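Student: Got a structure for you, questions after.
What follows draws every value from the coordinates through simple rules; no lab data is involved. Everything numeric in this text was worked out from a predicted model, so none of it was measured. As a convention, Cβ positions derive from the backbone with ideal geometry for all residues, glycine included, and neighbour counts pool all protein chains shown.
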């Protein structure tokens with residue numbers, strides 16, 4: 001087994017063993033606290049440009065299957081684990097985690113102290129890192145300088161969005177789903193409800209979207225800073241009030257910005273399947289699946305006609321919004337889970353009900 005190093009921009013170095021691709025990579029280091037779901041995490045487009053550290057110590061024990069992918073082509077830049085299981089035991093498994101990473105050209109490192117790495121990220125915030133080429137000698141000074149000079153990409157949404165529209169047919173309500181880096185779990189939940197879904201690229205104009213005659217519009221999750229896609233904010237602003245709207249994760253942030261609110265970068269983000277969120281309309285606490293590095297600044301909501309509907313229990317950050325004048329609501333977390341708890345799955349039903357109510361109001365107008 002070949003040696004590999006994980007180098008951080010502050011000069012910290014972790015020595016471990018390589019798995020997956022032999023190539024080197026760079027990206028923002030983030031951690032995820034989920035105990036399971038590594039396949040969905042790796043294939044979540046929202047991790048575009050990032051190296052993911054799993055805090056649970058044993059990863060790969062149930063292998064890889066053909067059903068749990070959240071995208072066809074993973075956009076993650078690397079994976080760091082404490083211990084890799086290369087002999088999975090699960091009736092659905094048809095591959096190992098190592099083989100998947102090797103096939104997709106994604107490097108991994110095992111045998112490092114992931115608790116130390118996680119504590120470092122929590123103390124210093126998300127940090128740039130490098131996974132060295134498998135078996136290569138390390139020039140620490142050169143690696144650290146290159147990381148400090150590294151400019152992280154700002155076009156992640158363009159990298160992971162579909163390039164052309166495509167349908168996912170159904171006999172129910174027509175939903176135009178704007179793909180900012182969509183997890184297939186969102187599409188799956190709409191299909192379960194027999195929605196006639198049309199998935200469109202992130203840069204589709206409001207005129208084109210409305211030309212499809214949607215009963216509702218879905219704003220998907222996606223990677224990066226919402227301030228890097230201001231053209232998307234302008235489109236969402238035009239769509240608000242036209243038909244019912246439901247946004248998730250990046251879609252939530254774009255919706256807030258379209259209404260005049262601001263967003264900010266969290267110190268180390270929310271990533272995991274155990275984040276408690278309080279529904280302020282019911283008082284209920286829901287366990288949620290999350291993956292985001294930015295959040296809506298509630299102090300900037302004044303004058304936006306937005307109501308806060310959900311808030312994170314752990315740090316008090318915003319987790320949900322609803323428009324006071326139009327049928328539009330969004331959440332920062334992932335109600336489709338994949339992976340994680342499905343406490344908030346009912347939000348898709350609420351979206352369907354919103355479309356039905358809106359159509360009845362139009363008919364009686």
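Student: Tally time: how many residues in the stretch 146-157 are surrounded by fewer than 18 Cβ atoms within 10 Å (Cβ to Cβ) and in a helix (DSSP H, G or I)?
Tutor: Residues in the stretch 146-157 being surrounded by fewer than 18 Cβ atoms within 10 Å (Cβ to Cβ) and in a helix (DSSP H, G or I): 3 in total.
Student: In the stretch 127-174, how many are under 25 Å from the mean Cα position of the chain (by Cα) and under 30 Å from residue 199 (Cα atoms)?
Tutor: Residues meeting the conditions: 19.
Student: Do any residues in the stretch 92-117 that are under 11 Å from residue 6 (Cα atoms) have Cβ atoms under 8 Å from those of residues that are in a helix (DSSP H, G or I), where the two are at least six apart or on different chains, and which pairs are they?
Tutor: Within 8 Å, the pairs are 107/101; 108/97; 108/98; 108/101.
Student: Considering only residues of the stretch 158-179 that are touching a residue at least 60 places away in the same chain (Cβ under 8 Å) and farther than 22 Å from residue 210 by Cβ, which is surrounded by the most Cβ atoms within 10 Å (Cβ to Cβ)?
Tutor: 160
Yes/no matrix, rows are residues, columns are (1) buried (at least 20 other Cβ atoms within 10 Å of the Cβ); (2) touching a strand residue (DSSP E or B) at 6+ places or on another chain (Cβ under 9 Å); (3) not in a loop (DSSP other than H, G, I, E, B):
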site	(1), (2), (3)
256	yes, yes, yes
260	no, yes, no
281	no, yes, no
309	no, yes, yes
320	yes, yes, yes
326	no, yes, no
350	no, yes, yes
